[in-house]
1. Taking a ≥ b ≥ c as the square roots of the Cα gyration tensor eigenvalues, with a/c under 1.5 meaning rounded and otherwise prolate when a/b beats b/c, else oblate, which class fits region 155-279?
2. Show me the chymotrypsin sites (Phe, Trp or Tyr not before Pro) within region 107-214 that DSSP assigns to loop and that have at most 10 other Cβ atoms within 10 Å of their Cβ.
3. Three principal axis extents, largest first, for the C-alpha atoms of region 1-45, in Å?
4. Of 144, 177, 167, which is farthest on the positive side of the dipole of region 141-182, counting Cα position, with +1 on Lys and Arg Cβ, -1 on Asp and Glu Cβ, and the Cα centre as origin?
5. Give the Rg/Rh ratio for region 36-125, taking Rg as the radius of gyration of the Cα atoms and Rh as the Kirkwood radius, to two decimals.
6. Among 90, 152, 167, whose mean-square fluctuation peaks in a Gaussian network model of the chain (Cα, cutoff 10 Å)?
7. Dipole of the chain, Cα-centred, from +1 at each Lys and Arg C-beta and -1 at each Asp and Glu C-beta, to the nearest 20 debye?
8. Treating only the Cα positions of region 102-162 as identical point scatterers, give the base-10 log of I(q)/I(0) from the Debye formula at each q in 0.28, 0.30 Å⁻¹.
Amino acid sequence: MFTSDDFQRAADGILDHLTIQPQIGLVLGSGLGKLADELNPRAVIPYAEIPGWPASTVHGHLGNLVIGGLEGQAVAVMQGRAHFYEGYSLQQVTFPIRVMKALGIHTVILTNAAGGINKAYQVGDLMLLEDHINLPGMVGANPLMGTNDDALGRRFVGLAQAYDRLLREQALRVAAQRGIPLRSGVYCALSGPAFETPAEIRMLRAWGADAVGMSTTHEVLVARHAGLRALAFSGITNRAIDQVDSDLETNHEEVLEAGEVIVPRLSAMLKGVLNNFPT
Ligand code: HPA
C-alpha cells in the first residue's frame, strides 16, 4: 500500500520540472496520446522518472506525463496508463490519480478505447460516460479496499454522480456547438486482457452497458475518493461481437486503427471542454 508520503514525493519531483501548476489532469488511453503534442510550452516527464508511477507495457501507450497549456488551461496529460491486466495492483493502477491530487489538480478527464455494445454504436463514435458498471470492483477488485487513510478521502464514497453533471453538460454543449457526434452511455469495465465472449456481451447489454473496456472505473473511484471532479469519454474502436460463429474476432490492432479516426474528434471535444471550463 502506498502512503500520502509516496504521492507527495512523486508530486514534488514533478513540480521540480515545472513553472506552472497544473489544474486539470487528462488521461489518454490506447492510441489516443497524440493530443499531448499540442501543449504549449511543454514539459515531458517519462513515467520511469517518477518514483512509484507504473509504466504501461501496452503497445499504443507512450508512457509520458506531459504538462503545459491547452486552451488556456494548465493541464497534466498522461500519454497512456497502466492496467490491472498488466499485473499491477489497483493501488498501482490508480497511483497517478492520487499524485494528480497532490499536484493540486481539481479535475480529471479520462479517455479510453471501448467496444460498442449498444447496437446503434458504430466504430469511430465518441461516447460520454454518463455512468459506469465497475464489474471488477463489484466482485472484490476495488482500489478503495484496505485501510482507509482519512487524509486522502472518506471510507464510503457516494457514486450516484460519479461523472460531474456540469462537466457532462459542458461536453454536450460543445458537441452541439461544434457539430461533434456524441453518444451518452454506460461504460462497463472488465479486468481483461481477453476480449469478451458473445454470451458475456449479451449479458452486459441486458445489464444496461453501452460500451465495454478495461480501464477508467478504478481511476474514477479513486478520483471521487480524493474529491476530484471526473469526466470521461470512450472512443468506440470496435463493435463487440454478440454471436458465436460470426467469423469475426476482436483484436488490438483494430482498436489502435480506430483510434486514428477518433483522435481528431476527441481532440476537438477535449479542447472545447477546456475552453470555457465550467467552475
Ligand atoms: N472489449 C474490451 N475492451 C476493449 C474493447 C472490447 O471490445 N475494445 C477496446 N477495448
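1. Oblate is the answer for region 155-279, as a/c is 1.5 or above yet b/c matches or exceeds a/b.
2. In loop regions of region 107-214 (DSSP not H, G, I, E or B), the sparsely surrounded chymotrypsin sites (Phe, Trp or Tyr not before Pro) are 156.
3. Principal-axis extents of the Cα atoms in region 1-45, largest first: 32, 27, 17 Å.
4. In region 141-182, that residue is 177.
5. That ratio equals 1.00.
6. Highest fluctuation of the listed residues: 152.
7. Dipole of the chain, to the nearest 20 debye: 880 debye.
8. The computed values of log10 I(q)/I(0) come out as -1.36, -1.37.
Only the coordinates and a few stated rules stand behind these numbers; no lab work does. Being a predicted model, the structure only gives us computed values, none of them experimental. With ideal geometry, Cβ positions are generated from the backbone for all residues, glycine too; neighbour counts draw on all protein chains shown.
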